[in-house]
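The values are calculated or read from the model by the stated rules, or taken from the named source; none is laboratory data. All of these numbers come straight from a predicted model, not from anything done at the bench. All Cβ positions, glycine included, derive from the backbone under ideal geometry; neighbour counts span all protein chains shown.
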Amino acid sequence: MLGRAVGSVFVQEADPKSFEVLVVDNSADDEKGLAVKEALAPWPAVRIVNEPTVGLSFARNRALLESLAEVVVFIDDDARMETGYLKRLGRVFCGSPLPAAAGGPVVVGWDNPQPSWWEPGLNFYANHLNLGDGTKKIAYPQVLYGTNLAVAKGILSEECLVLMKLTDSVLIQALASATGIKLGSKRIGTLDA
């Protein structure tokens with residue numbers, strides 16, 4: 001799965017020299033760490049950093065601390081980045097004012113045929129997220145998910161990183177708090193599909 005996720009980044013409509021790919025190895029297991037390196041072998045430009053404390057929030061915090069970029073985009077190891085996503089993010093983050101965060105749709109995908117018992121109402125439990133087409137601001141109770149989430153590092157503080165250890169929805173609230181804005185502000189928004 002990891003190879004597929006990273007591969008989806010390298011087929012973006014963006015110059016690979018214009019972005020950094022950082023993979024956080026959060027496995028705490030030498031055998032799994034070796035599997036990470038093997039999965040990333042086709043992309044020697046990928047930088048791997050270790051985060052010894054297991055957990056998604058710790059891995060995301062490590063990515064924020066280690067990344068050299070001004071904007072960090074999270075993609076989970078079981079996700080794929082849609083073609084054109086980085087280009088759309090570039091348009092959003094090059095605008096004024098600089099957004100605190102932006103996120104895109106998260107579509108439920110299946111490696112095998114979708115189970116016959118699966119109903120659309122269950123998509124929420126698989127992190128399906130679609131806030132509609134176009135770039136827009138969102139307001140609570142709408143939230144962005146951690147995968148396909150882009151964060152402007154400049155607005156984050158150590159206090160915000162501590163809050164991020166809880167949940168993705170707390171992350172969004174922490175971003176709002178760190179920037180002194182309300183969740184309905186135009187500085188937190190979604191990208192078109």
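Once the range 49-68 is narrowed to residues that are surrounded by 15 or more Cβ atoms within 10 Å (Cβ to Cβ) and of a type in the set (Gly, Ala, Ser), the residue that is nearest to Tyr145 (Cα to Cα) is Ser57.
For the range 10-37, what are the residues that are of a type outside the set (Gly, Ala, Ser), part of a helix (DSSP H, G or I) and either under 22 Å from Asn61 (Cβ atoms) or modelled with pLDDT of 85 or more (or both)? Answer for the range 10-37, where residues must be of a type outside the set (Gly, Ala, Ser), part of a helix (DSSP H, G or I) and either under 22 Å from Asn61 (Cβ atoms) or modelled with pLDDT of 85 or more (or both): Lys32, Val36, Lys37.
Close contacts from the range 71-92, counting a first residue that is closer than 20 Å to Asn127 by Cβ and a second that is charged (D, E, K, R) and surrounded by 21 or more Cβ atoms within 10 Å (Cβ to Cβ), with Cβ to Cβ under 8 Å and a gap of 6+ residues or different chains, come to Phe74/Arg60. Could you tell me whether Arg62 is modelled with pLDDT of 85 or more, basic (Lys, Arg) and either under 17 Å from Leu22 (Cα atoms) or assigned to a loop (DSSP other than H, G, I, E, B) (or both)? Yes, satisfied.
The set of residues from the range 40-70 being out of contact with any strand residue (DSSP E or B) (no Cβ under 9 Å at 6 or more places or on another chain) and among the small types (Gly, Ala, Ser) comprises Ala41, Ala45, Gly55, Ser57.
The residues in the range 90-129 that are assigned to a helix (DSSP H, G or I), surrounded by 15 or more Cβ atoms within 10 Å (Cβ to Cβ) and of a type outside the set (Gly, Ala, Ser) can be counted, and the count is 3.
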